[in-house]
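The values are calculated or read from the model by the stated rules, or taken from the named source; none is laboratory data. Bear in mind the structure is a predicted one, so any value in this text is a computation, not a measurement. Note that we place each Cβ from the backbone using ideal geometry, even for glycine, and neighbour counts take in every protein chain shown. With ligands, DNA and RNA removed, areas are computed over all heavy atoms of the protein, side chains included. Shrake-Rupley method; radii C 1.70, N 1.55, O 1.52, S 1.80 Å.
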Amino acid sequence: MFPGHVRIVEMGPRDGLQNEARPVSVATRIALVEALADAGLRSIETGSFVSPKWVPQMAGTAEVLAGLTPRPGVDYPVLVPNLKGLEAALAAGTREIAVFGAASESFSRANINCSIAESLERFAPVVERALAAGLRVRGYVSCVLGCPYEGAVSPEAVARVAAALAGMGCYEVSLGDTIGTGTPLAARRMVEVVAEHVPLERLALHFHDTYGQALANILACLELGVSVVDSAVAGLGGCPYAKGASGNVATEDVVYMLDGMGIGTGVDLPRLAAAGRMICVALEREPASRVARALAAKTNEWEVQEPQVPGG
């Protein structure tokens, strides 16, 4: 049975922008987050406290957080890789963080230079410290439906990492098809196996659209009862460790599908698409979202005042 409401976790300002080649200013990042909140999104991953040497697009995350107007009921989680990142997040006043692991040994070593077991050992004190400080912690598992180095990844391997993150105290575990190779039955089977270890209500879907399967995969898993979906406005992003991997499924496309199914999201589609157009102007690229492109062709859909690129 499909859920009556789906919570969308917007990844564009972090997972999307971190893999875009064109630099994006702090002011533009703030404008994007504000536009997404104006569209009704209530969980917007805003940045990450990682070394600018490794992820230059995420430099200035503290300044982005400081520049946002606080809104009741809107969360701005950030990604942290270690205790140093956590301390920076705490200093910036964040209320929610995310930690990330992988279901593939090879990907874990390529991405964070350690084994899966070592990564979990690293995360444990981060999660413990964050929970002690009153923060909420979300966990990510990468490569749940395939790895660029190893190929197929077993659902049991995904379940082990997901269970470890949940056991540490992550309130939710997001299952990421990082390279977008999954198909609906494989996605459904993976979620079924993980749900034997982590309750469905604590799982989220994070599917990339490399092979055009993301919406179909989401649909197959929603039918199981999963009710949280990660997506990125305009389909921003990719994966630097997975050659050819496209961005996250576009938030516009997810909202359009759910609207058509009568599943609530609380997101205003025209305002959302306007936010996507704004950031794409800054990036000098077209939206990857098919829905955004279709709406842009219908001038009567654009009655909403579109956000402007700062300085543009």
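A few points about this structure:
- Answer from Ser154, Ser115 - the residue that is over 22 Å from Trp54 (Cβ atoms), surrounded by fewer than 24 Cβ atoms within 10 Å (Cβ to Cβ) and of a type in the set (Gly, Ala, Ser): Ser154
Results for (1) outside any loop (DSSP other than H, G, I, E, B); (2) of a type in the set (A, V, I, L, M); (3) within 30 Å of Ala152 (Cα to Cα); (4) within 20 Å of the chain's Cα centre (by Cα), shown as yes or no for each residue.
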position	(1), (2), (3), (4)
Ala37	yes, yes, no, yes
Leu41	no, yes, no, yes
Trp54	no, no, yes, yes
Ala66	yes, yes, no, no
Pro72	no, no, no, no
Ile97	yes, yes, yes, yes
Ser108	yes, no, yes, yes
Cys114	no, no, yes, no
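- Within segment 281-292, the set of residues being in contact with a helix residue (DSSP H, G or I) (Cβ under 9 Å, 6 or more places away or on another chain) and either surrounded by 15 or more Cβ atoms within 10 Å (Cβ to Cβ) or modelled with pLDDT of 90 or more (or both) comprises Ala282, Leu283, Pro287, Ala288, Ser289, Arg290, Val291, Ala292.
- Some residue of segment 67-84 being surrounded by 20 or more Cβ atoms within 10 Å (Cβ to Cβ), over 24 Å from Glu201 (Cβ atoms) and in contact with a strand residue (DSSP E or B) (Cβ under 8 Å, 6 or more places away or on another chain): yes
- Test: residue in segment 118-139 that is touching an Asp or Glu at 6+ places or on another chain (Cβ under 9 Å), open to solvent by less than 40 Å² (accessible area, probe 1.4 Å), at pLDDT below 95 and under 19 Å from Ile179 (Cα atoms): no
- Index of the failed condition, Ser106 passing every other in (1) hydroxyl-bearing (Ser, Thr, Tyr); (2) open to solvent by 20 Å² or more (accessible area, probe 1.4 Å); (3) modelled with pLDDT of 95 or more: (3)
- Residue in segment 261-268 that is open to solvent by 10 Å² or more (accessible area, probe 1.4 Å), more than 16 Å from Arg42 (Cα to Cα), part of a helix (DSSP H, G or I) and in contact with a Leu (Cβ under 9 Å, 6 or more places away or on another chain) present: no
- Residues satisfying the stated conditions in segment 190-231, i.e. of a type outside the set (A, V, I, L, M), more than 23 Å from Leu41 (Cα to Cα) and in contact (Cβ under 8 Å) with a residue 24 or more places away in the chain: Glu192, Glu196, His197, Thr210, Tyr211, Gln213
- Lone unmet requirement of (1) buried (at least 24 other Cβ atoms within 10 Å of the Cβ); (2) out of contact with any Asp or Glu (no Cβ under 9 Å at 6 or more places or on another chain) for Leu145: (2)
- Residue among Ala273, Ala234, Ala242, Ala250 that is over 12 Å from Leu41 (Cα atoms) and modelled with pLDDT under 95: Ala242
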